[in-house]
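What follows is one structure encoded as structure tokens, with my remarks underneath.
The values are calculated or read from the model by the stated rules, or taken from the named source; none is laboratory data. Here the structure is a predicted model, which means the values were calculated and not measured. Cβ placement follows ideal geometry from the backbone for every residue including glycine, while neighbour counts extend to all protein chains displayed.
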């Protein structure tokens, strides 16, 4: 591979200020975007998941788009590095972000960037990138970065005036040639590359971005008076996937691709890597205190979050189910994919059997952020709920969480059906619909079921069975609406405190309940809002009220299917299940602990029964 021929930059004499530096990074991002498909195809190491080009391009383009041009080059590079760390995706994206952060540290005091300043910062930047990886391997991007830094330092030593833009361009051209030569040598250093007949994808991406950076150097204001607009949208709507499970050669041994932003920390990347080393593989920690980005593949993302929580504040996260995505690509359960959210209480065995993909909601609690059911499990949540003076807050999934999943699943399904909790209770359905418009292009059908918890689970299961039997997306969507209209849920709530704190019941109603000692029987009405259906002075009284409502429903219609959920109340749930089975004349489809996202709003010891009645 040879270096690109570079435009003439002799007309530009001054070194780069921050504005020009951002322009060059814009050019680097553009070059990555242009080559991301080819880079994804080259990706065979460390895992052949087809994501290197996408991750590097997404990391740099989102970082550039997040930055406002600054005159001071060091300040500009620092802002870019911080944005890249927040936007970084996957191994390759986090290593790139760490490299950019190392450059920022070296350029901290530089008002302008010349060849001498860049060469001085390059070596430490490469060392910083290498330090982010738990087990560095030669023949990867780290090797090519090192070759680039060494060549840049040598070129700077030989330059007559390393403080001019022309000499910077010359030095960069020579260093890129050295990087390209090192790239061509990577197959001889890694057997996986030689066997596949490719060079290292991350290293190739680094050489690509070097070419884009150098080409943009020629279009500085001194050259033609024009700068690329860093605020212009660069990221294509299709660039939402984080990895491509279709490219994996076998089912992943570890389930969750996990990324966590650790903020307000004093821990070093080395400390964090040691902290997580026994939880999985592909462990990377990038950045520097007070902000680190962590990546790993693990079966226990909640343990990773718990360990990190002791060393700082948990910020935005991404935890994706690689096994379920692999199954969808290599053996889809139906032509139409099925998506729901974490407010759907459906046993994991059924979700896996029908390949029901969940988009988790977010929980904010005790200054930390969590992903419902993934970095905070139901067991951990309920063990803390009774002890914490602060009540957890919940929020809808961020839009990219939907876009990533939709983008991935549309690669292996004709259409998608996305069934969600009541829009009157959460903005989740609105986020799903917007993501469907942006990503699905008419192939994603979103339904507001106006239900939640086990009631939503019953609707999702009915739709999953229909899709498995060959129903198309529109038919299954109509069935879901019909099932939702025929499904009731009743929840025994020993205390209204959680519902008041979560905003589901007014403070006035809560005050009245505390004064009177009454305990409510809560349901969801036809519009999808919480409604009190009765009250009693004891839990036994609530059970009698619920069973009476089930009997009245049974007299009107036969039971199609029903389920029971509870918030850390297994004994109470088992007792109520036995009584409800006598009334409804069948056994429940499942009995399970409700997700944290529901427990946050109904509180400890609540028990719910959901019933779908026959037409």
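For residue 169, indicate whether it is assigned to a helix (DSSP H, G or I), at pLDDT below 90 and closer than 21 Å to residue 74 by Cβ.
yes
In segment 353-368, what residues are farther than 11 Å from residue 392 by Cβ and assigned to a strand (DSSP E or B)?
Once the filter is applied, which keeps residues that are farther than 11 Å from residue 392 by Cβ and assigned to a strand (DSSP E or B), segment 353-368 yields 356, 357, 358, 359.
Let me spell it out: the conditions are (1) farther than 17 Å from residue 179 by Cβ; (2) buried (at least 23 other Cβ atoms within 10 Å of the Cβ), and residue 109 meets all of them except one. Which number is the exception?
(2)
Hey, can you tell me all the residues within segment 287-336 that are more than 28 Å from residue 417 (Cα to Cα) and free of Cβ contacts under 8 Å to residues at least 12 places away in the same chain?
Result: 310, single match.
Looking at (1) under 20 Å from residue 472 (Cβ atoms); (2) in a strand (DSSP E or B), can you tell me which one residue 320 breaks?
Tallying (1) under 20 Å from residue 472 (Cβ atoms); (2) in a strand (DSSP E or B), residue 320 fails exactly one: (1).
Return the residues of segment 379-416 that are in contact (Cβ under 8 Å) with a residue 40 or more places away in the chain, within 20 Å of the chain's Cα centre (by Cα) and in a helix (DSSP H, G or I); say none if nothing qualifies.
Listed by number, the residues that qualify are 400, 401, 402, 403, 404, 405, 406, 407, 408, 409.
Can you find a residue in segment 91-105 that is assigned by TED's automatic domain parsing to the domain that holds residue 192, assigned to a loop (DSSP other than H, G, I, E, B) and closer than 28 Å to residue 192 by Cα?
The answer is no; no qualifying residue exists.
How about segment 467-485: which of its residues are surrounded by 14 or more Cβ atoms within 10 Å (Cβ to Cβ) and outside any helix (DSSP H, G or I)?
471, 472
Kindly provide the set of residues from segment 539-548 that are in contact with a strand residue (DSSP E or B) (Cβ under 7 Å, 6 or more places away or on another chain) and either over 22 Å from residue 585 (Cα atoms) or free of Cβ contacts under 8 Å to residues at least 60 places away in the same chain (or both), ordered by number.
Answer for segment 539-548, where residues must be in contact with a strand residue (DSSP E or B) (Cβ under 7 Å, 6 or more places away or on another chain) and either over 22 Å from residue 585 (Cα atoms) or free of Cβ contacts under 8 Å to residues at least 60 places away in the same chain (or both): 539, 542, 543, 545.
Are any residues in segment 593-604 outside any helix (DSSP H, G or I) and buried (at least 20 other Cβ atoms within 10 Å of the Cβ), and if so, which ones?
The answer is 593, 594, 595, 603.
Does segment 428-439 contain any residue that is within 28 Å of residue 254 (Cβ to Cβ) and assigned to a loop (DSSP other than H, G, I, E, B)?
no
Being crowded, with 22+ Cβ neighbours inside 10 Å, touching a strand residue (DSSP E or B) at 6+ places or on another chain (Cβ under 7 Å) and over 27 Å from residue 250 (Cβ atoms) is the filter here, so list the residues in segment 45-98 that pass it.
Across segment 45-98, the qualifying residues are 73, 85, 97, 98.
If residue 442 passes every condition in (1) over 25 Å from the mean Cα position of the chain (by Cα); (2) in a loop (DSSP other than H, G, I, E, B) but one, which one does it miss?
Unmet for residue 442, out of (1) over 25 Å from the mean Cα position of the chain (by Cα); (2) in a loop (DSSP other than H, G, I, E, B): (1).
Every residue in segment 424-438 that is more than 13 Å from residue 340 (Cα to Cα) and either crowded, with 24+ Cβ neighbours inside 10 Å or modelled with pLDDT of 95 or more (or both), please.
Once the filter is applied, which keeps residues that are more than 13 Å from residue 340 (Cα to Cα) and either crowded, with 24+ Cβ neighbours inside 10 Å or modelled with pLDDT of 95 or more (or both), segment 424-438 yields only 435.
Just to be sure before I move on: is residue 129 buried (at least 20 other Cβ atoms within 10 Å of the Cβ), at pLDDT 95 or above, under 30 Å from residue 270 (Cβ atoms) and out of contact with any strand residue (DSSP E or B) (no Cβ under 6 Å at 6 or more places or on another chain) in the structure I sent?
In short, no.
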